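What follows is a short report on a single structure.
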Amino acid sequence: MLVISCIKQVPDTTQVKIDPVTNTLIREGIPFIMNPYDTHALEESLRLRDEYGVRSVALSMGPPNAEATLRKACAVGVDDAILISDRCFGGADTLATSCALSAAIERLSQDDNLAIVFCGKQTIDGDTAQVGPGIASRLSLHQLTLVDRIEHLDLDQRTIQVRRKLEGRYEIVEAPLPVMITVVREINQPRYPTVPMRLAAEEIEVKTWDNSVLKLDVETVGLKGSPTWVSKIFSPDRDQGEIIGDGVTDPEGTAQLLIDKLLSKDLLAV
Amino acid sequence: MSINQTIYIPLFAVSVLFFCYSCYQRLQLISLGTSENRTDRAGARFAKMLTYAFAQKRVVQRPFGLNHSLLFWAFLLLALANGEFLLEGLFPSVSLALLPTPLHYGLAYVFDAVSLLTLACVTIAFARRLFFAPDYLGNEYSSPRSGEALLILGMIASLMIAFFMLHGAQIALGEAAASRPISALFGKVFASLSVASLESVALASWWVHAVVLLVFMNVLPRSKHMHILTAIPNTYLCSLEQPNTQLREIFEKGQRFGVGAVEHFSWKDLLDSLTCTECGRCQDVCPAHITGKPLNPRRIVHDIKVNLMANGPTLKDGFSGELPMIAEEQGEGTSSEEALWSCTTCGACVNVCPVLIEQMPKIVKMRRHLVQERAEFPEELLTFFENAEQRSNPWGMAPADRGKWSSLLGERPFSVDKTEYLFFVGCAGAFDTRAKQVSVAVATIMDQAGITWGMFGKEEVCCGDSLRRLGNEYVFDKMAKANVEMFIEKGVSKIVTACPHCFSTLKNDYRQYGLELEVIHHTELIEKLIQDGKLKLPRNAELGKTIFHDSCYLGRHNDTYNAPRNVIKAATGNAPAEFGRSRENGFCCGAGGGRMWMEELTGERINRNRVSEALEQKPDTLCVSCPYCMTMMEDGLKDLGNEQVQVKDVAEVVAEALMPKQ
């Protein structure tokens with residue numbers, strides 16, 4: 001039985017700034033990290049591996065240096081790590097990305113019985129939340145998004161029941177396997193790698209699959225297979241604020257001024 | 001008086017053999033530990049031994065210690081008397097009487113007097129345990145162990161009484177003429193007895209003395225009184241590192257990281273555990289213990305000993321022991337995880353132990369195991385570890401913003417040709433709102449004094465102090481290597497820091513990476529600038545009554561006590577008031593050892609305890625020299641609803657004295 005976690009290497013967006021002149025991301029010197037939501041997808045696959053003895057495989061698409069992120073997955077103990085990387089996959093949008101990932105998942109499920117594909121609910125660089133559902137569509141998997149808890153998993157009956165965390169409510173959903181699940185942070189606490197595992201991970205060979213393995217039509221992948229393209233990235237203009245009152249001499253009066261101001265702008269409800 | 005040698009000789013032989021066997025067993029247990037070099041620099045070690053074992057420097061630091069010290073010296077002197085006594089049993093012709101008469105009489109006099117002194121000391125010790133035991137001897141953990149102490153005291157008292165009765169009877173019989181004033185008093189009491197009765201008293205006293213002495217000898221290695229045998233070597237084999245920081249680990253495959261089982265400790269750690277007398281001084285100064293956390297440094301050491309005793313036999317056979325060294329719950333011979341995480345690494349325990357046992361380093365060794373081998377730690381540390389590793393600061397702030405605090409000072413890059421000092425700002429100084437104000441004060445003072453300085457700005461990375469104390473040596477190691485490489489590459493040789501944690505780590509821990517730097521804490525630098533007349537303070541800072549709180553990593557770990565006090569005095573015109581617990585006895589703020597990044601849910605909050613102590617003196621300003629202390633003291637004051645007392649770093653006090661009068 002196979003459980004796959006899809007992880008993406010992203011720039012640490014807390015450190016990314018937009019160049020105000022060129023409106024492009026300043027990526028120079030910015031470290032790459034594993035997309036935080038994906039760390040929870042990875043952890044959930046490892047948890048199921050520990051509990052049910054399923055095989056946990058981490059999958060990522062990216063440039064060759066994305067290998068570093070897969071190595072981190074190795075350090076927390078995935079059974080296998082595969083990097084999908086080829087020049088022709090570069091510049092992919094969410095459609096092309098989900099096509100390539102789907103092809104890899106299909107290939108992995110030839111040798112093993114696929115149970116679940118885990119993805120983070122979204123990435124912190126693209127924020128589209130489309131790749132997970134895209135994979136589900138391409139592979140005709142039942143899609144369970146925004147899951148914060150697996151309520152029940154029966155691998156013999158091949159059913160799963162999960163709780164979805166929606167705005168202001170929860171939803172309990174049941175589906176037959178195989179499924180694609182996107183997870184939210186609340187689902188688990190990712191494990192921390194032990195030093196022996198980190199040292200072992202340094203020597204593990206991360207498999208790289210290029211298009212000679214996946215054999216996809218080059219028109220459907222990378223930039224060519226991407227109907228969306230980004231025309232402009234910019235920081236929205238922000239109005240200069242104002243200083244009201246004097247908090248040092250009159251804190252109460254100033255607080256009242258602030259409340260009135262917020263009420264007048266409809267930013268505060270009584 | 002003739003001794004029945006057919007009874008005595010076998011008894012003596014069995015006792016000596018059994019004693020040797022017990023010692024051999026203990027040595028075997030100690031040899032289960034890993035290797036560690038503790039025999040270098042013999043001269044320095046010898047000096048330590050003289051100071052701490054023979055002169056009992058720390059023992060006498062507490063009022064009752066004098067009693068122990070007298071017992072110690074009496075014990076050494078009476079060892080001669082007892083040696084003679086045991087030999088006399090084997091070879092009746094061997095006795096003090098063989099010596100020239102003046103020497104014989106002199107020694108007899110001394111032995112008699114010392115025996116009385118011993119009896120007096122033992123009586124005081126008895127009374128202390130029974131009637132006026134200090135808190136740390138009276139708690140539920142140590143009370144059961146008092147039995148053993150009373151047994152030993154009882155044996156020593158019996159020895160002395162038997163000694164007097166033996167010699168008293170002999171004097172009454174006219175067999176002993178030597179000057180023994182106390183025994184002579186006993187002789188007078190016995191004077192009315194018949195010769196036969198006197199002989200019986202002498203013989204009985206001799207046997208009581210002999211049997212108690214042989215039993216005593218055999219109790220030693222099997223009780224906490226093992227320290228009588230191990231304390232002296234333990235002081236010789238102590239750590240010569242000041243401060244006693246953690247040793248490096250080598251990160252290679254197949255290595256073990258930290259201590260997860262008793263046999264992973266070094267042989268010296270195991271010797272420590274067998275040396276502990278359970279005097280309780282360490283628990284009496286431990287901030288975690290005092291505020292009700294499950295950590296007790298004495299138990300840490302005691303549990304190592306119990307674990308070693310329990311697992312020793314199977315370990316000697318080459319199998320692993322059954323009793324766990326670390327578990328969730330504390331048990332006899334097992335330390336609890338919560339106890340290990342409660343340590344602030346303040347070093348008070350290490351600093352107070354009369355026989356130089358190193359409690360705190362053992363805790364860090366076990367933390368290393370938990371973090372590196374098991375990845376088990378309080379969950380709030382996950383964020384800290386990831387922030388430190390990925391963004392090289394504890395808060396996870398953008399590294400690019402590291403230099404922002406100094407935006408009003410203009411560009412101040414470090415350059416080996418143009419700047420004398422590297423100002424290593426530290427994570428708190430660069431990101432913490434309150435500590436940033438201290439950074440500005442330090443910078444202003446250096447500018448005023450005409451010192452040239454620069455900094456790394458966004459290139460600076462965390463020193464790794466908290467990581468190391470928390471046992472995440474792997475990540476600390478990477479940071480230390482990166483920092484050392486950068487210091488070498490940029491030609492840094494003199495560093496000023498505004499944080500005692502950066503200060504101690506750069507100065508002491510990085511030495512293990514082959515880097516000797518001149519690191520100076522800002523309080524020391526300011527003191528020097530004032531002394532040299534480079535920094536003129538035009539007026540007194542008006543901060544009312546000040547009190548100074550010692551940072552553990554500046555004070556106890558690095559022996560810097562006077563600089564901050566002198567600076568406060570120079571800047572305010574008055575010496576700061578002192579806490580009840582100050583200088584070497586300073587009490588931690590609660591944030592050291594990585595506790596800064598952890599919740600404090602059990603017992604009283606350490607900072608509350610410390611702030612309450614400050615408030616007893618009714619200060620207007622609480623002065624600190626560390627950004628962690630700053631946070632803890634400010635929080636503690638808020639917690640107690642006492643925000644009219646302000647907390648100021650020493651640099652801020654000076655900056656105020658620099659400002660022109662309004």
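The values are calculated or read from the model by the stated rules, or taken from the named source; none is laboratory data. Everything quoted here is computed from the prediction, not taken from an experiment. In this analysis, Cβ positions are derived from the backbone assuming ideal geometry, glycine residues included, and neighbour counts consider all displayed protein chains. Ligands, DNA and RNA are stripped out before the accessible areas are found, and what is left, the full protein with its side chains, is counted by its heavy atoms. Shrake-Rupley method; radii C 1.70, N 1.55, O 1.52, S 1.80 Å.
Using a Förster radius of 51 Å, what is the FRET efficiency between B:Asp447 and B:Leu11 based on their Cβ-Cβ separation? Nearest 0.05, please.
Efficiency, rounded to the nearest 0.05: 0.05.
How much length, in nm to one decimal, is gained on full extension between B:Glu518 and B:Trp395, taken as 0.36 nm per residue of separation minus their Cα-Cα distance?
Numbers: separation 123, 0.36 × 123 = 44.28 nm, distance 2.82 nm.
Going from the current span to full extension adds 41.5 nm.
Whole number in Å², please: accessible area per residue of the stretch B:321-455, 1.4 Å probe, ligands, DNA and RNA not counted. Kindly include the intermediate steps, with their values, before the conclusion.
Working: 4860 Å² over 135 residues.
Averaged over the residues of the stretch B:321-455, the accessible area is 36 Å².
Given B:Lys436/B:Lys545; B:Lys253/B:Lys494; B:Lys362/B:Lys490; A:Lys17/B:Lys490; B:Lys507/B:Lys618; B:Lys48/B:Lys618, which pairs have Cα atoms separated by over 30 Å?
Numbers: B:Lys436/B:Lys545 25 Å; B:Lys253/B:Lys494 36 Å; B:Lys362/B:Lys490 36 Å; A:Lys17/B:Lys490 27 Å; B:Lys507/B:Lys618 36 Å; B:Lys48/B:Lys618 40 Å.
Table pairs above 30 Å Cα-Cα are B:Lys253/B:Lys494; B:Lys362/B:Lys490; B:Lys507/B:Lys618; B:Lys48/B:Lys618.
Please compute the Kirkwood hydrodynamic radius of the stretch A:196-270 from all pairs of different C-alpha atoms, in Å with one decimal.
Numbers: mean 1/r = 0.0506 Å⁻¹.
Answer for the stretch A:196-270: a Kirkwood hydrodynamic radius of 19.7 Å.
Looking at the stretch B:375-424, which residues lose a minimum of 50 Å² of accessible area between their chain alone and all protein chains in place, measuring with a 1.4 Å probe and not counting ligands or nucleic acids?
Correct list: B:Leu382, B:Gln390, B:Arg391.
How many times 2.2 N^0.38 Å is the alpha carbon radius of gyration of the stretch B:5-236?
On the way: Rg = 19.8 Å, N = 232, 2.2 N^0.38 = 17.4 Å.
Here the Cα radius of gyration is 1.14 times the empirical estimate.
How far apart, in nm, are the 7 Å Cα→Cβ label points at B:Leu66 and B:Ser179?
Taking the simple label geometry, B:Leu66 and B:Ser179 are separated by 2.7 nm.
Tell me the angle of helix A:251-264 to the major Cα principal axis of chain A, expressed in degrees between 0 and 90 and rounded to the nearest ten.
Its long axis makes an angle of about 70 degrees.
Hey, what number do you get for chain A at 222 nm if only DSSP H runs of n ≥ 4 count, each worth -39500 (n - 2.57), divided across all residues, to the nearest 500?
-9000 deg cm²/dmol
I need the per residue convex hull volume for chain A, using only the alpha carbons, in cubic angstrom as a whole number.
On the way: hull volume 52.5 nm³, N = 270.
Roughly 194 Å³ of hull volume per residue.
Ballpark to the nearest 100 Å², how much total accessible area do A and B bury together, probe 1.4 Å? Display every interim value, and only then the final one.
On the way: alone 15460 and 27840 Å², together 41580 Å².
Approximately 1700 Å², summed over both chains.
Taking amide hydrogens as modeled 1.01 Å from N in the peptide plane, which residues meet the under 5 Å criterion relative to A:Leu144, leaving out close sequence neighbours?
A:Met180, A:Ile181, A:Thr182
Using DSSP loop states and a limit of at most 15 other Cβ atoms within 10 Å to flag trypsin sites (Lys or Arg not before Pro), what is the longest stretch of chain B containing no flagged site? Before the final figure, lay out the partial values.
Working: sites that count: B:Arg41, B:Arg248, B:Lys253, B:Arg374, B:Lys418, B:Lys534, B:Lys536, B:Arg539, B:Lys545, B:Lys661.
Value returned for the longest uninterrupted segment is B:42-247.
Enumerate the calculated ³J(HN,Hα) couplings along the stretch A:109-118 in order (Karplus 6.51 cos²θ - 1.76 cosθ + 1.60, θ = phi - 60°), each rounded to whole Hz, writing x wherever the residue is Gly or Pro.
Per residue, the Karplus-derived 3J(HN,Hα) values read 7, 5, 9, 8, 7, 6, 9, 9, 10, 9 Hz.
Treating the angle as unsigned and between 0 and 90°, give the value, to the nearest 10°, between the Cα long axis of helix B:297-316 and the longest Cα principal axis of chain B.
70
So what is log10(I(q)/I(0)) for the stretch A:13-152 at q = 0.12, 0.14, 0.17, 0.21 1/Å, when the Debye sum runs over its Cα atoms only?
So the normalised log intensities are -0.52, -0.70, -1.04, -1.59.
Give me a comma-separated list of calculated 3J(HN,Hα) values for the stretch B:550-567, in order, Karplus coefficients 6.51, -1.76, 1.60 applied at θ = phi - 60°, integers in Hz, x for any Gly or Pro.
Here the 3J(HN,Hα) series is 6, 7, 4, 6, 8, x, 4, 6, 10, 6, 9, 10, 7, 3, x, 5, 4, 5 Hz.
List, by residue number, every residue in the stretch A:177-214 with a reduction of 30 Å² or greater in accessible area between the chain on its own and the complete protein assembly, 1.4 Å probe.
Buried on complex formation: A:Gln189, A:Tyr192, A:Thr194, A:Val195, A:Pro196, A:Arg198, A:Leu199, A:Glu203.
How compact and how long is chain B, expressed as Rg and Dmax of its alpha-carbon atoms in Å?
29.8, 102
Restricting to DSSP H runs of at least four residues, report the calculated mean residue ellipticity at 222 nm for chain B, -39500 (n - 2.57) per run over all residues, nearest 500 deg cm²/dmol.
Working: 27 runs with 343 residues, N = 662.
Taken over chain B, the calculation gives -16500 deg cm²/dmol.
Using a 1.4 Å probe on the protein heavy atoms, what percent of the accessible area of the protein assembly as shown belongs to carbon and sulfur?
56
What value in Å³ per residue do you get for the convex hull of the alpha-carbon atoms in the protein assembly as shown? Intermediate values should be presented prior to the final figure.
Working: hull volume 218.6 nm³, N = 932.
It is 235 Å³ per residue.
Could you name every residue in the stretch B:230-255 that has 10 Å² or more less accessible surface in the full protein assembly than in its own chain alone (probe 1.4 Å, ligands and nucleic acids excluded)?
So the qualifying set is B:Phe251, B:Lys253.
Can you give the FRET efficiency for B:Ile488 and B:Lys57, using 1/(1 + (r/R0)^6), R0 = 60 Å, r = Cβ-Cβ distance, to the nearest 0.05?
Numbers: r = 40 Å, r/R0 = 0.66.
Here the calculated transfer efficiency is 0.90.
Counting only residues 5 or more places away or on other chains, whose amide H sits under 5 Å from the amide H of B:Tyr421 once H atoms are built in the peptide plane?
It is B:Thr452, B:Trp453, B:Gly454, by chain and number.
Solvent-accessible area per residue for chain A at a 1.4 Å probe radius, Å²? Intermediate values should be presented prior to the final figure.
On the way: 14550 Å² over 270 residues.
Per residue, chain A has an accessible area of 54 Å².
Give me the net charge of B:Ser406's neighbourhood, meaning all other residues with Cβ under 10 Å from the Cβ of B:Ser406; Lys, Arg count +1, Asp, Glu -1.
On the way: positive: B:Arg402, B:Lys404, B:Arg412, B:Lys436; negative: B:Glu411.
Summing Lys/Arg as +1 and Asp/Glu as -1 gives +3.
Can you give the FRET efficiency to the nearest 0.05 for A:Thr249 and B:Leu615, using r as the Cβ-Cβ distance and R₀ = 35 Å?
0.80
Keeping every protein chain present and rolling a 1.4 Å probe, give me the accessible area per residue for the stretch B:5-236 in Å². Present the calculation step by step, with values, prior to reporting the outcome.
Values: 11430 Å² over 232 residues.
Result: 49 Å² of accessible area for each residue.
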